Amino acid sequence: MNESRPSSMSAFWMPFTNNRDFKASPRLLVSAEGMYYKDVDGNRILDGTAGLWCVPCGHAQPRITQAVSEMVGQLDFAPTFQMGHPAAFDLAEQLMDYTGHKFGHVFYTNSGSEAVDTALKMALAYHKARGEGGRTRLIGRERGYHGVGFGGLSVGGIGNNRKSFGPLLPGVDHLPHTHNLQKNAFSRGEPDFGAELADELERLVTLHDASTIAAVIIEPVSGSTGVLVPPKGYLKRLREICDKHGILLIFDEVITGFGRLTTPFASDYFGVEPDMMTTAKGLTNGVVPMGAVFSKRFIHDAFMDAPPGIELFHGYTYSGHPLACAAGIATLQVFREQGVIENARAMQAYFEDALHSLRGLPHVIDLRSIGLVAGIELEPIAGKPGARAYAAFKQAFADGILIRVTGDIIALSPPLILDRQHIDELFGKLANVLNNLD
Ligand code: PMP
């Protein structure tokens, strides 16, 4: 295993990275186990973000490593166009069990971005298959993140991600985001104010007419834009409006899936069922890239009941890759055998209390959390948005904890296998960083 520094770092154009700054002071990870990474200098770094929100079971889970190793020796690749392999079917059935049979079908992709674009295409094709081809409009939300494909960018609501890429998809609208520091700061779990913002969907229906609207897509809890927890009653209201007007509701659960909120999915936490759900990340514990779209039976049935020639003409070479399926099956096994969600539930209150112990530290203007995900909002430095949190990120890494920052918000989403000592270490070191921040 190569644990030394690379001879050159110029060729790799790094994703979502301040490339100039990174290369001046790089952070290089060389191994990982359980709750910790090790960097190239041999320092242990507590993983406060489950990689990129994608390692709920902790690193180097032997069962997953073994399953992937066995599969690579047995079936390195198999197409899933007009043929298949057992693991792809087994995983799909097990995912239906895991979600309590609320969904009927699962479509495999390789990432969250692909899952989102797949779900949007499914929504459009579903209406068309039923003879409602006029329903082409898609509705996302401000401050929503749905990956980087053109579909996901279009329904996403992050200006910086969108601004360099032209007009994007036509016929897209956005609901307002629900973040409200004046009314909801320092809330625990779902904030009290803002459910009425869901009624903005009625306004869009009036504006465009329901017969033109295919789907609404939102993250139940926005992750990448700083852990924005929905106000009490908001999601239920959205569901009601969608039902009233025949609009499909898609939950993007790429971050909130697989136990992050102490339930299998966020839809279980909030008791609101979407028509489709996108996932990725925790699906394979981050070991092999994979995403998926879960769809209700009636969506799949619309294609099966349609006249011959109508199908969902869509798929990826690596949809249902054998290694990803092996990793997915083993991940579900780890969830069951090691009580991963049960542990998340047991740690939730301690995690929330530890988070709120940061109240009053310099620059902290909000603390919010739900399940095992937390956001810490800092007062921006005047004229330099994001600079304060970025400085915190760099110092935290130097002090041995991995945190994630977006703008001036720190996001925490540790592996769900953590114990109280990890929580103490994470928040203890973070308090130290915040206390010494300019
Ligand atoms: N949707 C959501 C809600 C996400 O958080 C992300 C990634 N953070 C994506 C989609 C995109 O996933 P990927 O990076 O795997 O394409």
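Filtering segment 403-438 to residues that are outside any helix (DSSP H, G or I) and either over 23 Å from the mean Cα position of the chain (by Cα) or among the small types (Gly, Ala, Ser) (or both) leaves GLY407, ALA411, SER413, ASN436, LEU437, ASP438. Residues of segment 179-198 that are crowded, with 18+ Cβ neighbours inside 10 Å and over 29 Å from ASN18 (Cβ atoms): ASN184, SER187, GLU190, PRO191, GLY194, ALA195, LEU197, ALA198.
LEU207 falls short on exactly one of the conditions (1) of a type in the set (A, V, I, L, M); (2) within 16 Å of the ligand (Cβ to nearest atom); (3) over 20 Å from ILE250 (Cα atoms), and that condition is (2). Quickly run through segment 75-98 and pick out the residues that are surrounded by fewer than 19 Cβ atoms within 10 Å (Cβ to Cβ), farther than 14 Å from ILE329 by Cα and in contact (Cβ under 8 Å) with a residue 12 or more places away in the chain. Result: LEU75, ASP76, PHE77, ALA78, PRO79, PHE81, GLY84.
Looking only at segment 268-288, how many residues end up being within 14 Å of the ligand (Cβ to nearest atom), within 17 Å of VAL116 (Cα to Cα) and touching a strand residue (DSSP E or B) at 6+ places or on another chain (Cβ under 9 Å)? Final tally of qualifying residues: 8. Consider GLY134 carefully, then state whether it is more than 16 Å from the ligand (Cβ to nearest atom), at pLDDT 95 or above and part of a loop (DSSP other than H, G, I, E, B). Yes; evaluated as a whole, the condition is true for this residue.
Within segment 148-188, the set of residues being of a type in the set (Ser, Thr, Tyr) and in a loop (DSSP other than H, G, I, E, B) comprises SER164, THR178, SER187.
Within segment 342-359, does at least one residue satisfy the condition of being of a type in the set (Asp, Glu) and over 24 Å from ASP192 (Cβ atoms)?
Within segment 342-359 (the criterion being of a type in the set (Asp, Glu) and over 24 Å from ASP192 (Cβ atoms)), the answer is yes, since at least one residue qualifies.
Of all residue pairs spaced 6 or more apart or on separate chains, those with beta-carbon atoms under 8 Å, a first member in segment 317-332 that is at positive phi and a second member that is among the polar types (S, T, N, Q) and assigned to a loop (DSSP other than H, G, I, E, B) are GLY320/THR80. Within the set ALA119, ALA129, the sole residue that is within 13 Å of the ligand (Cβ to nearest atom), closer than 14 Å to HIS300 by Cα and among the hydrophobic types (A, V, I, L, M, F, W, C) turns out to be ALA119. A single member of VAL227, VAL216 is within 15 Å of the chain's Cα centre (by Cα) and either within 15 Å of the ligand (Cβ to nearest atom) or in contact (Cβ under 8 Å) with a residue 60 or more places away in the chain (or both), and it is VAL227. Taken over segment 289-316, the criterion of being closer than 28 Å to HIS59 by Cβ, surrounded by fewer than 22 Cβ atoms within 10 Å (Cβ to Cβ) and more than 12 Å from the ligand (Cβ to nearest atom) is satisfied by TYR316 alone.
Take GLY189 and tell me if it is away from the ligand (no atom under 16 Å from the Cβ), under 25 Å from PRO231 (Cα atoms) and either at pLDDT below 95 or among the polar types (S, T, N, Q) (or both). Answer is no for this residue.
Given the criteria part of a helix (DSSP H, G or I) and in contact with a helix residue (DSSP H, G or I) (Cβ under 7 Å, 6 or more places away or on another chain), does GLN348 qualify? So GLN348 does not fit the description; no. Is there a residue in segment 149-171 that is in contact (Cβ under 8 Å) with a residue 12 or more places away in the chain, more than 15 Å from the ligand (Cβ to nearest atom), under 19 Å from GLU253 (Cα atoms) and in the same structural domain as THR206 (by TED's automatic domain parsing)? So far as segment 149-171 goes, no, none of its residues is in contact (Cβ under 8 Å) with a residue 12 or more places away in the chain, more than 15 Å from the ligand (Cβ to nearest atom), under 19 Å from GLU253 (Cα atoms) and in the same structural domain as THR206 (by TED's automatic domain parsing). Only one entry in LEU228, LEU201 is surrounded by 19 or more Cβ atoms within 10 Å (Cβ to Cβ) and within 30 Å of ALA389 (Cα to Cα), namely LEU228.
A Cβ distance below 7 Å, combined with a sequence gap of six or more or placement on separate chains, defines the contacts here; from segment 350-364, residues that are in the same structural domain as ASP408 (by TED's automatic domain parsing) reach residues that are among the β-branched types (Val, Ile, Thr) and part of a strand (DSSP E or B) in the pairs LEU358/VAL364; LEU358/ILE376; VAL364/ILE376.
List every residue pair whose Cβ atoms sit under 6 Å apart, with the two residues 6 or more apart in sequence or on different chains, where the first one lies in segment 112-126 and is assigned by TED's automatic domain parsing to the domain that holds ALA280 and the second, anywhere, is of a type in the set (Ser, Thr, Tyr) and within 12 Å of the ligand (Cβ to nearest atom). These pairs meet every condition: ALA115/THR109; ALA115/THR278; VAL116/THR278; THR118/THR109; ALA119/THR278.
Checking the structure you have, find out if any residue of segment 158-176 is among the polar types (S, T, N, Q) and closer than 19 Å to VAL216 by Cβ. Checked against the condition, which is being among the polar types (S, T, N, Q) and closer than 19 Å to VAL216 by Cβ, segment 158-176 yields no hits at all.
The values are calculated or read from the model by the stated rules, or taken from the named source; none is laboratory data. If you're wondering where the values come from, they're calculated on a predicted model, not measured in any experiment. All Cβ positions, glycine included, derive from the backbone under ideal geometry; neighbour counts span all protein chains shown.
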